[in-house]
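Just below is one structure, and these are the notes that go with it.
Read-outs: derived from the displayed coordinates by stated rules, not from any lab. For clarity, every value in this text was computed on a predicted model and none was experimentally measured. Virtual Cβ from ideal backbone geometry, glycine too; neighbours counted across all protein chains shown.
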Amino acid sequence: MPAPAPRLDEAQDYLDSVITSLRAMDRREKQPLVGILEYLSEYIRSTRGEVAALRSTVGSPVVLAQASDELEEIVHETAKATNSIMSVAEDIEELSRQTDDTVATALQNAATRIYEACAFQDITGQRITKIVRAVQHLDQKIRLLAGLCGMEAPAEDNVSLGENQIRTGDESLLNGPQLAVAASSQDEIDRLFGA
Amino acid sequence: MAVDKKLPIMIVDDYSTMLRIMKNLLRQLDFENVEEASDGSTALAKLKSGQFGLVISDWNMQPVTGLDLLKQVRADAQLKHLPFIMVTAESKTENVVAAKQAGVSNYIVKPFTADTLKAKMESVLGPF
């Protein structure tokens, strides 16, 4: 079994005990070393304070979990609304069969435009899912950082700050929907097909 | 030869809303023989057990992606010539190239219009 990762609170305790021992020594040359160790100890204290503050505000597991839930709720609610809209469009199409050709064509075209517009739910759903994953990743990292600072044990043993997040192979191609600046248009894709 | 509108079409997407949109647009084009699957594995099983004339698939699905499905279709002796259109929000050139290399018949970027769907289907199946 690998040795447990060193924790910042333990490192600080160790540093403080070394500083205390050095101070008790009657040697002038100890001063620069004591100064450096005091600086390190203060730096660790300040870092732990920052992590604790993060953990108790925007980085708290409760806040991040709520944020994920809220985002997932948006996906759920927009899907519900989109399905209602499509039901109405389907009704319009059905009713169009009872009218004369000109009106029927106009109603069918309107229904088509509604179906096309409803695709927004798929796109926004995918974008929100990307954000949910990012929030969950952030939560995981803050948990790990808090564990390293001695605030609580890391939630998952297999997570480390050096975890490789780079995807390879076909998986690296799953990044859509692209932002407008990075996206290719249908015409550009058609050109790649030689159409 | 005119395209048979009774052609069985498999649509694959993990968003039920998208399946419904696609089904409605296909119905407007008079293609009513449409089978749905919400993931690549289900789609492949259905494709192997039926006689389909076209697959229209999303890319970003788990655990079997649209690209995985395409590769499995192209690797299957019975299915390898099946027309396969990718409909996806993955619009980077590298994605299009990867899909092309895997043997995709055509590629539609989401969001798309009914006219685009018709044009890409015609490019694969012939005019209708």
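Below is a table of values for the structure above.
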read-out	value
Neighbouring partner chain Cβ atoms per residue of A:113-124, average, 10 Å criterion	6
Segment A:Val18-A:Val181, extension gain: residue separation times 0.36 nm, minus the distance between their alpha carbons	53.2 nm
Most mobile of A:Asp13, A:Asp139, A:Asp101 in a GNM of chain A (Cα contacts under 10 Å)	A:Asp101
Overall form of region B:1-42 per C-alpha gyration tensor (a/c, 1.5; a/b vs b/c)	oblate
Sparsely packed GluC sites (Glu not before Pro) within region A:16-60, loop by DSSP, other Cβ within 10 Å at most 12	A:Glu29
Set of lysines with alpha-carbon distance to A:Lys141 below 24 Å, sequence-local pairs under 8 removed	A:Lys130
Other protein chain Cβ atoms within 10 Å, averaged over every residue that makes up A:72-84	1
Built amide H within the under 5 Å cut-off of B:Phe84, gap 5+	B:Val55, B:Ser105, B:Asn106
Straight-distance crosslink candidates among lysines, where the alpha carbon sits under 17 Å from B:Lys48 and sequence neighbours closer than 8 are dropped	B:Lys71, B:Lys80
Distance between region B:52-109 and region A:20-66 - C-alpha centres, whole angstrom	54 Å
Computed helical MRE - 222 nm, chain A, DSSP H runs ≥ 4 contributing -39500 (n - 2.57), nearest 500	-24000 deg cm²/dmol
Candidate lysines for bridging to B:Lys6, where Cα separation is under 16 Å - those fewer than 8 sequence places away on the same chain excluded	B:Lys23, B:Lys118
Test item: B:91-98 mean partner chain Cβ contacts at 10 Å	6
